[in-house]
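Asker: So that we are looking at the same thing, I have put the structure below in structure tokens.
Derivation of every value follows stated rules applied to the coordinates shown; laboratory data play no part. What you see is a predicted model; the values in this text were computed from it and never measured. So basically every Cβ, Gly included, is an ideal-geometry build from the backbone, and we count neighbours across all protein chains shown.
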Amino acid sequence: MVTRNVFIARNHALVKKALKIRCHPDLEHRFVVGLRSLLRRGAHAGAMVLLLVFLVFARALGGQTGGIRGVVVSLGPDGQPLYLAGAKVTVRLESPGGWSLATFSNDQGEFSFIDLKEGTYTVTAELSGFKPVTQSVSLKAGAVAEIRIELELAPVTGEVTVTPEPEGIDRTESSPTGAVKERTLQDAPLVNERFQDALPLLPGVVRGPDGLINIKGARTSQSGYLVNSANVTDPVTGQFAINLPIDAIQDVQVLSSPYAAEYGRFTGAVTTIATRPSGDRWAFKIQNILPRARRRSGKTVGIEAATPRLFLGGPLIKNRLTLAQSFEYRFVRTKVESLPPLQNDTVLESFDSFSHFNLQLTPNHNLTVTFSVYPQKNQFVNLNTFNPEPVTPNFKQRGFNLAFLERAVFSNGSLLESMFSVKQYDADVFPNIEEPMTLFPERNFGGFFNRQDRDSFRYQWFELYHFPVKEWHGQHNVKIGVDIGYSTYTGRIASNTVRVLREDRTLAEQIDFVGQTHIERNNAEYSAFIQDKWLVTPKLTFDVGLRYERDGVAEDNNLAPRVGFVFVPWRAGHTAIRGGFGVFFDKIPLNVATFDQLQNRVVTRFARDGVTVVDSPRFFLNLVDRAEIKNPYSLAWSLEVDREVTRKLLFRFGYQQREGRREHLVEPLAGPGSSGTLLLLSGGRSRYREFQFTARYKLGERSDLFASYVRSRATGDLNTFDLHFGNFPAPIIRPNQRSRLPFDAPNRFLFWGDIGLPADITASPVLEVRNGFPFSIVDEELNFIGRRNRAGRFPTFASLDLQVTKGLKIPFRGKKYTFRAGLKVFNILNRFNPRDVQNNIGSPNFGGFFNGVSRTFRGKFVFEF
């Protein structure tokens, strides 16, 4: 015991001397007693780590003097100040290598920064729903500067402008976050000019082989999508189900495993979309008014694309009511180069309208109303080398989304956000020809086997209350909220015969479908949450929250605790360490809830002669395992280090891991005689692990460069429900396996930039290099050979894209109007990046890759006035 006491005393004194701090005697006594107890269990190394952590935090909590203090207010209807609690206030030293600190205003709107040296500082105050304000403060040695910051609600003075991404690192957000700003949406080379095209610019986000976006190793249906806080996923499939003109979007954020408890009903990530309000002056923007000719075999054959867009916005009633309106019409033919000319185009036609109204009821009371419609037709969906036009499905969607968002600031500084939305989403899937679908090694033929006619509604009510900031061992910014939803689904799903032929055209298998086709189900969802952003010191912040969820399908009470932290270890503020752990429960799509209402399969297998039945017609009954469907959930944790090397150069190192549980999958089981079961289980698993390195370099006010490398692994069960019963179901169901997920890309390097050049020229290059996606091998009867997704990978994908635009001023009737013209080039290097592989060993073309996209040129024209 004497030896251990000497060890404690010596090391405690040494570390104190090294760090030059003073600890409170009572704290020192308690710490030494605890350390002795730990050493009794033999944890010498752990004791030293705990000792160092204690002393670092003691230094962070140590006494400081001098600085800047002030108050954050907003003027009420009578002109009297309303003190705003919970405003984020950041102070930055304006000098080479200048550092920054952040805090939150208390319930009297007060804030303070102490131990600041002489110099010039910028102080920025931000609060949800208000326009940020920045002030400059000159501080003399030993002085305390007092300031007052007045905030105004954002819609009053919101301008339709593009602002550069803020400099520096976030010192209060614990969740891994990626953002796509309005400037990127306008400048980046986006092939379809949709915001989804910009998401792969973020590390860990890839477009999978099915064309859908996969975020951090999660399938599309496992992620959440919010537009101005409203859930815009399809209640039937769980996928993103709204089209927005890109001009209507202000910014997009991707939150992978957010530790804020207000986000729920997902296991992958949440994508939040903020739409663009109007300013106090009328503005118009027109672009893409010229159609693009369709060139085939050196001849012009009709129109390949016409995608005009219009944005207009301005005040309807000055300082009270504004409108931002976006329209977009799209007619696009997309060529599949491995099919014969004039038989190789998918066709998309859509019309999207988004209206954004802002009504300023009082200076502290605002109402936002948004309304969107998004009819769309897709012909020859999933057209590829092995599925020509007749065998592909068509798709139609129609619907609307109406949302009301009210924000009110009260005299005590609290904020209440209320949202109500109604969403209709109807979808039809139907074949091009009414013939049995025939699967053949060389190329499939016949008609698509599945027909769907779905009608759905979702009603959502959301309340979020921000309490005034409370002081107790730091500052507490507490939120509570409730989220109630109700969804309905009615429709008809019918399937036609599917035939599997061998290479010699003998029949190997036939699948018929029997039973009713009518589908009907509804679901009520309830959520409540509480979360606290606890600013212990300007250097240490915790996010602590608890979320409760329940729905009418599983009828389980689910609790999801979450905790995150941000620690700024040094006063200069150039380094931030963030991380956390959370539990996330997913939604149950209504197509999962109606599994037992779907048609049943009758499967017949034939001998090599194609006539002799070797397995009598086997009836597969759709059955839910243990008669219950559970909510999938995931366990996720992350750790990131941000290092601001200079004000222009930032590095990020991060690790994330997500473990999925109770995921929905289907398993075919043969029973005695001619019976069988198609079992729906809530037993699927998945795992995603990611190491990320990202660098950002700011060349200037209009120029940013980004580079990232991601090393990841995505594995899980492959017989997922959405693969076989989604919008475009796969007809063949084989036994489940756990292996690489279809969108697994272990190594991915990404470089892109937004570079402002002289003469108002903007250049935006994008370079992506990654591993090809995995694939499986099948025999002539479409049985998997070996482990699935372990037969090999597509060739390494590499593509360099570029968009260059130039701004011009065109005089007209005494005024000058802005015109931007430019060029987009995709796959500049003309590299062969195949999208199809012949994986059937019965084909003489086995192992061949097909369907690459050659170098492509597109023009860009934008008029603003």
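Asker: About the Cα centre of the chain, how large is the charge dipole given +1 on each Lys and Arg Cβ and -1 on each Asp and Glu Cβ? Please answer in debye to the nearest 20. Could you put the intermediate results ahead of the total?
Answerer: Details: 106 positive and 85 negative charges, 551 e Å.
For the chain, the charge dipole is close to 2640 debye.
Asker: Work from the charge dipole of region 271-864 (Cβ charges, +1 for Lys and Arg, -1 for Asp and Glu, about the Cα centre) and give the residue of 397, 540, 287 farthest towards its positive end.
Answerer: After comparing all options, I get 287.
Asker: For region 841-865, list residues with backbone N below 19 Å from a point placed 7 Å from the Cα of residue 816 toward its Cβ?
Answerer: 862-865
Asker: Mind listing which GluC sites (Glu not before Pro) in region 658-707 are in a DSSP loop and have 12 or fewer other Cβ atoms within 10 Å? Walk me through the numbers on the way to the answer.
Answerer: Details: sites: 659, 663, 690, 701; in loops: 701.
Those that pass, being in a loop and sparsely packed, are 701.
Asker: Taking the Cα atoms only, what angle lies between the long axis of helix 2-19 and the longest principal axis of the chain, rounded to 10 degrees?
Answerer: Helix 2-19 sits roughly 80 degrees off the main axis of the chain.
Asker: If you don't mind, there's one more thing I want to ask. Students often get this wrong, so check it: of 216/479; 216/648; 318/860, which have C-alpha atoms separated by over 29 Å? Don't skip to the answer; put the middle values down first.
Answerer: Working: 216/479 27 Å; 216/648 27 Å; 318/860 34 Å.
In this structure, 318/860 exceed 29 Å between Cα atoms.
Asker: Sort 88, 140 by Cβ crowding within 10 Å, fewest neighbours at the top.
Answerer: Values: 88 22, 140 10.
So the ranking, lowest neighbour count to highest, is 140, 88.
Asker: Moving on to the next point. Treating only the Cβ of Lys, Arg, Asp and Glu as charged (+1, +1, -1, -1), what charge dipole size does region 438-571 show about its Cα centre? Round to the nearest 20 debye.
Answerer: Details: 17 positive and 18 negative charges, 102 e Å.
Dipole about the Cα centre, nearest 20: 480 debye.
Asker: If you take the beta carbon distance between residue 809 and residue 280 as r and set R0 to 35 Å, what does 1/(1 + (r/R0)^6) give as a FRET efficiency, to the nearest 0.05?
Answerer: So, using R0 = 35 Å, E works out to roughly 0.95.
Asker: Based on alpha-carbon centroids, what's the gap between region 401-460 and region 728-781 in Å, whole number please?
Answerer: 24
Asker: If you don't mind, another one. Can you tell me, using C-alpha contacts under 8 Å and at least 6 residues apart, the relative contact order of the chain as a whole percent?
Answerer: Working: 2442 pairs, mean separation 79.8, N = 865.
Once divided by the residue count of the chain, the mean separation gives 9 percent.
Asker: Using a simple spin-label model with points 7 Å from Cα along the Cα→Cβ vector, what separation in nm is obtained for residue 299 and residue 823?
Answerer: According to this spin-label approximation, the distance is 2.8 nm.
Asker: Same structure again: Region 383-439: which GluC sites (Glu not before Pro) are DSSP loop and have at most 13 other beta-carbon atoms within 10 angstrom?
Answerer: Details: sites: 406, 417, 434; in loops: 434.
Answer in residue order: 434.
Asker: With Cα Rg over 2.2 N^0.38 Å defined as stated, name the option among [x] 1.03; [y] 1.08; [z] 1.18 computed from the structure displayed.
Answerer: [x]
Asker: Per residue of the chain, what 222 nm ellipticity follows from adding -39500 (n - 2.57) for every DSSP H run with n ≥ 4, rounded to the nearest 500? Walk me through the numbers on the way to the answer.
Answerer: On the way: 8 runs with 74 residues, N = 865.
That comes out to -2500 deg cm²/dmol.
Asker: May I ask you to sort 377, 630, 117, 423 by Cβ crowding, counting other Cβ atoms within 10 Å and putting the fewest first? If you can, show how the numbers build up before the last one.
Answerer: On the way: 377 16, 630 21, 117 12, 423 26.
Taking fewest neighbouring Cβ atoms as first place, the list is 117, 377, 630, 423.
Asker: Can you tell me which of 320-332, 575-587 comes out highest on packing, and rank the rest after it, using the mean Cβ neighbours within 10 Å? All intermediate terms of the calculation are to be shown ahead of the outcome.
Answerer: Numbers: 320-332: 19.7, 575-587: 22.8.
My ranking of the peptides, most packed first, is 575-587, 320-332.
Asker: While we're looking at this one, here's another question. Taking the chain as the reference, fit the longest principal axis to its C-alpha atoms, fit the long axis of helix 44-60 to the helix C-alpha atoms, and give the angle between the two in degrees, 0 to 90, nearest 10.
Answerer: 60
Asker: Once the piece of chain linking residue 785 and residue 396 is laid out straight, how much longer is it, given 0.36 nm per residue of separation minus the C-alpha distance between them? All intermediate terms of the calculation are to be shown ahead of the outcome.
Answerer: Values: separation 389, 0.36 × 389 = 140.04 nm, distance 3.63 nm.
Between residue 785 and residue 396, full extension yields 136.4 nm more.
Asker: Run the paramagnetic zone check for residue 382: 7 angstrom along Cα to Cβ, then residues of region 482-504 with backbone nitrogen under 20 Å.
Answerer: 492-502
Asker: Full-extension gain between residue 338 and residue 418, please, as 0.36 nm times their residue separation minus the C-alpha to C-alpha distance. Provide the component values of the computation, followed by the final result.
Answerer: Values: separation 80, 0.36 × 80 = 28.80 nm, distance 5.19 nm.
Value of the extension gain: 23.6 nm.
Asker: Further question on the same structure: Show me the chymotrypsin sites (Phe, Trp or Tyr not before Pro) within region 441-519 that DSSP assigns to loop and that have at most 15 other Cβ atoms within 10 Å of their Cβ. Before the final figure, lay out each step's value.
Answerer: Values: sites: 445, 448, 449, 457, 459, 461, 462, 465, 472, 486, 489, 513; in loops: 448, 449, 472.
Passing both the DSSP loop test and the Cβ count: 472.
Asker: How many nm is it between the label spots at residue 599 and residue 702, if each spot is 7 Å from the Cα in line with the beta carbon?
Answerer: 5.9
Asker: Here's something else I'd like to know. Sort 710-722, 814-826, 518-530 by the packing proxy (mean of other Cβ within 10 Å over each peptide's residues), most packed first. Intermediate results must be reported in sequence, preceding the final value.
Answerer: On the way: 710-722: 20.6, 814-826: 14.8, 518-530: 17.5.
Going from most to least packed, we get 710-722, 518-530, 814-826.
Asker: Rank 796, 524, 775 by how far each Cα sits towards the positive end of the charge dipole of region 271-864 (+1 on Lys, Arg Cβ; -1 on Asp, Glu Cβ) and give me just the farthest.
Answerer: The residue sitting farthest along the positive end of the dipole is 796.
Asker: Expected output is a single nm value to one decimal: the length gained when fully extending between residue 635 and residue 675, i.e. 0.36 nm times separation in residues minus the C-alpha distance. What is it? The partial results should precede the final answer.
Answerer: Values: separation 40, 0.36 × 40 = 14.40 nm, distance 3.80 nm.
Here the answer is 10.6 nm.
Asker: Next question. Counting DSSP beta bridges in the chain, what percent are antiparallel, to the nearest 5? It would help to have the intermediate numbers written out before the result.
Answerer: On the way: 334 of 355 bridges.
Approximately 95 percent, going by the DSSP bridge assignments.
Asker: Using +1 at the C-beta of Lys and Arg and -1 at the C-beta of Asp and Glu, which of 415, 438, 457 has the Cα lying farthest in the positive direction of the dipole of region 411-494?
Answerer: 415
Asker: Ok, one more. How large is the charge dipole for region 262-410, taken about the Cα centre, if only the Cβ atoms of Lys, Arg (+1) and Asp, Glu (-1) carry charge, to the nearest 20 debye?
Answerer: My answer is approximately 380 debye.
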